[in-house]
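Structure, as C-alpha cells:
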Amino acid sequence: MQKVSELFIQNIKNLPIWVKQVIAKEIMEDLTSKIDEFKELVQDSDLFQYMIPKLTFKGKQELTERSMRLSEGYYAFLQDSLEGDTIFEMTLKNNWTLADTAKIFIRLIELEFVQVENYATNKKIAIAMFVAGKIKTGEFLKRIGKIDVQQLEQAIRYQKELNDEGRHIKMASILIKMGFITDKGLDSLLLLKDEARKRLSTISSLTSVDYAKTGSENEQFIRLQREIARLENENIIMKKRLKKLLNIQ
C-alpha cells in the first residue's frame, strides 16, 4: 500500500510541468525570503520531518502491552515508528499538525520509548522541542548554533537586570537589542512555530486531483493559487497576533 506522503508528493508531480516551474520558483523565493537567516534548517540532514524515530526495547514493549494507558496518539506514533515511517509521513497519515507530532515525540523521548543520539546538540531534536513549546527562543538559538552559551548567559543576565528595574522585556526582544538576531530572524522563528501548528488537509485535498485526467489544469491551478494566497494572509494575521501576545514591537 502506497504511503500517504508518497501519494501527496506524487499528486504534486502530476501537475503539468509549466505549473510546476512556476510553483518551484515561487516557493523557493518565498522560502528564501522567510528563513534566509536559518537556511541550515531546510537541509535534509537537519529536517525534523525526514526523521525516522527508532523505538527502544521499552518502547516496543509498551506498544505491545500498553501498560501505561497512554492516549491513542502515542501508540499510533509508536506503531508508525516501528513500521519505519518518517515524521512527515506519520503527521500526514494521522492528520496531525507538526507541533502535535513534535509534542508526542518529545514525550516519548522523556519516557525512554524512543532512541535519541546527541540530544543536546541534535538540531532535529531542537526543532521538535521548539515547535512543541518545550524550549524558548534563546535556548533554541543556542542549540542550533546561532548564539553561544556566553551570549545566552549575557542575554539572561541583562533580562534579569531589566526585570529588577520593573521592565519586563521578552528574551526575543533582548536578543535583537543585543544584536544576536535581527527582526527578520525573529519573524522566521515565529513563522516556524506558527506554521507547525497548521494541518495540511486543505492543501492536500487540492493536490489530490489528477490533473492529467481532469483536463482543467488552468481552473485547478487558479483555485490552488487562491487557496495559497488565503493561507498566506492567515499566516500574516496569526504572526501579528503572536507578536502582540509576546509583547514584541
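Observations
- Inside region 107-124, residues that are more than 11 Å from PRO53 (Cβ to Cβ) and without any contact (Cβ under 8 Å) to a residue 40 or more places away in the chain make up a count of 8.
- Checklist (1) within 26 Å of ILE27 (Cα to Cα); (2) modelled with pLDDT under 90; (3) of a type in the set (Phe, Trp, Tyr) applied to TYR119, failing item: (1)
- Test: residue in region 198-219 that is at pLDDT below 70, within 21 Å of the chain's Cα centre (by Cα) and in a loop (DSSP other than H, G, I, E, B): yes
- Flag if GLY138 is out of contact with any His (no Cβ under 7 Å at 6 or more places or on another chain), of a type in the set (Gly, Ala, Ser) and more than 13 Å from MET178 (Cβ to Cβ): no
- Qualifying position, being more than 30 Å from ILE104 (Cβ to Cβ) and in contact with a Phe, Trp or Tyr (Cβ under 9 Å, 6 or more places away or on another chain), among LYS193, LYS177, LYS160: LYS177
- The condition of being modelled with pLDDT of 85 or more and in the same structural domain as ARG197 (by TED's automatic domain parsing) holds for only one of VAL22, VAL42, that being VAL22.
The values are calculated or read from the model by the stated rules, or taken from the named source; none is laboratory data. Computed from a prediction, not measured in an experiment: that's the story for all the values here. Cβ sites come from the backbone with ideal geometry, for glycine too, and all protein chains shown count toward neighbours.
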